[in-house]
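The next block holds one structure in the form of structure tokens; read it before the comments.
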Protein chains: 2
Amino acid sequence: MKYPNGKKSSSPLSKSKSKPDFSNRGMSLEEDIAATNEYYRVANIAIIHKKPTPIQIVNVDYPKRSAAVIKEAYFKQASTTDFNGVYRGRYIDFEAKETKNKSSFPLSNIHQHQIDHMKDCHKHEGICFLIIKFSVHDETYLLPAHHFFPYWDDQFNGGRKSIPYNDIKARGVLLPFHYQARVDYAKVLDKLYF
Amino acid sequence: MKYPNGKKSSSPLSKSKSKPDFSNRGMSLEEDIAATNEYYRVANIAIIHKKPTPIQIVNVDYPKRSAAVIKEAYFKQASTTDFNGVYRGRYIDFEAKETKNKSSFPLSNIHQHQIDHMKDCHKHEGICFLIIKFSVHDETYLLPAHHFFPYWDDQFNGGRKSIPYNDIKARGVLLPFHYQARVDYAKVLDKLYF
């Protein structure tokens, strides 16, 4: 996620001097989800993995007696979401996004092919959702895909290019922070889908 | 799949001069599965994707006004199987392997972490299996993971390092070849798991 634009996420401390900032306790949303998934795996709760970033390989060296070295390659746009796996026998599929915006989630964070993929999976009764973190509020929401789709589609019919924070608050579910399950989405899935 | 060892799959025609070889109709098992998955997606049957090959990126160039170029990277061992997705709401997870062996499938084709992953998913009621192609016989089998696990575990208790072809024939299901669904595993899943 960090590679394609070469930017590093800024330090939480640099955002504001006026008040202490505990947003993500020093970890990015992606790191929190990785830690949660690892906890879920070890604790026998769910098996969810992040998909590797797709790479277009152009040139590879095969030195004798040592590992192949990729000498030229490019980042490709993913054709799916970043995370998928299995929870209680059901297929789980989600994308995770962090925004510094206070009052809305810009739809430009998501790509059309990711929506296409989520719509496909939703059609086949997979459990699809977004995890959206508002870093300024230090709040992370699970937004079921079927609540997200109308906002996505509306933008092409003259609708707004973002989802208001208050709508996400109303239609999504706030994910509690726990030490081990830092983004404890499985518990929310229990309530929403089982 | 081809990158890590730098080998290209040999032409089907080069295998034998004594008889015509129609094995995989000129396509590799992986290509056949890719075509099948694409057909399943378009025909609204299932959503199954191959995971990208995981790459360890060491060095990236960010030229101004053009795409980032990966200058040094290495192939990593995958921590999961190659394919997963959703079919009829259930989580699907499988690995596909081709062997030139006539009489058995060598277990060395599979890695421990792939087994660990399949056991994890199986525990969470995912549908896990292997697709094994015997290219010499031009036969492709679906072998449910729970039939595979005992062979895997036995090799560490003095058991054989391969699964006899006849056992795969007996415990697996032969996958028919269709023009669009070249490796039509979904139909077999209907019978085995639904």
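Side notes on the structure shown:
- When residue B:60 is represented by a point 7 angstrom out along its Cα-to-C-beta vector, the spacings to that point in the other copies are 2.0 nm, nearest first.
- In chain B, the inverse of the mean reciprocal separation of distinct Cα atoms equals 18.2 Å; this is its Kirkwood hydrodynamic radius.
- Here the dipole of region B:153-194 is about 140 debye; that uses its Cα centre as origin and unit charges on the Cβ of Lys and Arg (positive) and Asp and Glu (negative).
- Region A:96-185 shape via C-alpha gyration tensor axes, a/c threshold 1.5: oblate
- Computed from backbone phi with θ = phi - 60° and the Karplus coefficients 6.51, -1.76 and 1.60, the 3J(HN,Hα) list for region A:55-61 is 10, 9, 8, 10, 8, 10, 9 Hz; x is used for glycine and proline.
- Across the identical copies, how the residue B:72 labels are spaced - nm, sorted shortest first, 7 Å along Cα→Cβ: 1.9
- Pairs spanning more than 22 Å between alpha-carbon atoms, out of A:123/B:133; B:97/B:169; A:119/B:191; A:123/B:50; A:100/A:191: A:123/B:133; A:119/B:191; A:100/A:191.
- Ordered by the count of other Cβ atoms within 10 Å of each Cβ, fewest first, A:42, B:86 give A:42, B:86.
- Among beta bridges identified by DSSP and lying wholly in region A:29-193, the antiparallel ones come to about 75 percent.
- Computed over chain B, relative contact order equals 18 percent, with contacts defined as Cα pairs under 8 Å that lie 6+ residues apart.
- Going from the residue with the fewest nearby Cβ atoms within 10 Å to the one with the most, B:160, A:65, B:88 rank A:65, B:160, B:88.
- By the count of neighbouring beta-carbon atoms within 10 Å, fewest first, A:72, B:38, B:98 end up ordered B:38, A:72, B:98.
- Taking amide H positions as modeled 1.01 Å from N, with prolines and chain starts lacking one, the residues under 5 Å from residue A:163 and 5 or more places away or on another chain are A:105, A:107.
- Rounded D (µm²/s) - the protein assembly as shown, Kirkwood Rh over Cα pairs, Stokes-Einstein at 37 °C, 0.692 mPa s: 143
Every number in this text was worked out from the coordinates using simple rules, so none of it is lab data. Treat the numbers as computed from the prediction; the structure is a model and nothing was measured. Every residue, glycine as well, gets a Cβ built from its backbone with ideal geometry; the counts of neighbours run over all protein chains shown.
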